[in-house]
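Down below is the structure, laid out as structure tokens.
The values are calculated or read from the model by the stated rules, or taken from the named source; none is laboratory data. Because the structure is predicted, anything quoted here is derived from the model rather than measured. Here the Cβ positions follow ideal geometry from the backbone for every residue, glycine too, while neighbour counts run over all protein chains shown.
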Amino acid sequence: MTEPAERLFFAVWPSPAVRAALVQSVAPLCESANGRLIPPENYHLTLAFLDSVPASKMSAVIAAGHAVDFVPFALTLDCYGIFESPQVLWYGSSAVPDPLARLVANLRSHLTGVVKLRPERRFCPHVSVVRKMAALPQLARPAKLVWQAYDFALVRSEYGPGHALYTVLERFSAAPA
């Protein structure tokens, strides 16, 4: 019998103010390009995608999250991009702040040996905002949005017809000074 497993990922969630600014910036693009706005409650910045994690490894995954030395950071969202294969428009950052780069590297290091991670590739901080866009329309550079990140989360991902449901299972914050 196969052990139960869940699709998991680590991510940073935007504040309500950043989420609202993202929606305000991309809603007009969605309409002009005949795309579908991703539900704002699903906006997040993926740090590490774990895919299918057996229940027996859940406590080790949570322990890995707690072992990470997290330092709050500010991320400036200042560019658009598109993933052509899934036809997804994203709002991202042209630069990776050092604390975010360390967070991703540290998290991957703590997860090595716990779960099988996808091969490492250049980390590109972004938030997927619109689906079903075949090409990136001609766009002016977006307004700069500054996102203050004070914690990150372990999230369960479930898919239903035409939607994804994300559930935060555990939050991880900076150690008190």
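So is ALA101 within 29 Å of LEU139 (Cα to Cα) and either part of a loop (DSSP other than H, G, I, E, B) or touching a residue at least 24 places away in the same chain (Cβ under 8 Å) (or both) or not? So ALA101 fails the test. So for region 29-48 (the condition being among the polar types (S, T, N, Q), more than 23 Å from ALA164 (Cβ to Cβ) and either without any contact (Cβ under 8 Å) to a residue 24 or more places away in the chain or part of a loop (DSSP other than H, G, I, E, B) (or both)), does at least one residue qualify? No, region 29-48 has no match at all. Exactly one residue among LEU139, LEU107 is farther than 16 Å from ILE38 by Cβ, hydrophobic (A, V, I, L, M, F, W, C) and out of contact with any Gly (no Cβ under 8 Å at 6 or more places or on another chain), and that residue is LEU139. Total residues in region 40-55 satisfying the condition of being at pLDDT below 90 and of a type in the set (S, T, N, Q): the figure is 1. From the list SER128, SER157, SER94, the lone residue that is surrounded by 17 or more Cβ atoms within 10 Å (Cβ to Cβ) and closer than 18 Å to VAL26 by Cα is SER128.
The set of residues in region 107-123 that are buried (at least 17 other Cβ atoms within 10 Å of the Cβ) and either in contact with a His (Cβ under 7 Å, 6 or more places away or on another chain) or not hydrophobic (A, V, I, L, M, F, W, C) (or both) comprises ARG108, HIS110. Taking every residue in region 55-70 that is closer than 17 Å to ALA11 by Cβ and pairing it with any residue that is surrounded by fewer than 20 Cβ atoms within 10 Å (Cβ to Cβ) and of a type in the set (D, E, K, R), at least 6 positions away or on another chain, the pairs with Cβ-Cβ distances below 7 Å are ILE62/GLU170; GLY65/GLU170.
Of the strands (runs of 3 or more DSSP E) lying entirely inside region 106-166, those containing at least 1 residues that are without any contact (Cβ under 8 Å) to a residue 40 or more places away in the chain are 151-160.
Select from region 52-82 the residues that are assigned to a strand (DSSP E or B) and in contact with a Phe, Trp or Tyr (Cβ under 8 Å, 6 or more places away or on another chain) and write down the one among them that is surrounded by the fewest Cβ atoms within 10 Å (Cβ to Cβ). Checked region 52-82; the qualifying residue surrounded by the fewest Cβ atoms within 10 Å (Cβ to Cβ) is ALA74.
In region 19-39, the condition of being modelled with pLDDT under 95 and touching a Ser or Thr at 6+ places or on another chain (Cβ under 8 Å) is met by at least one residue.
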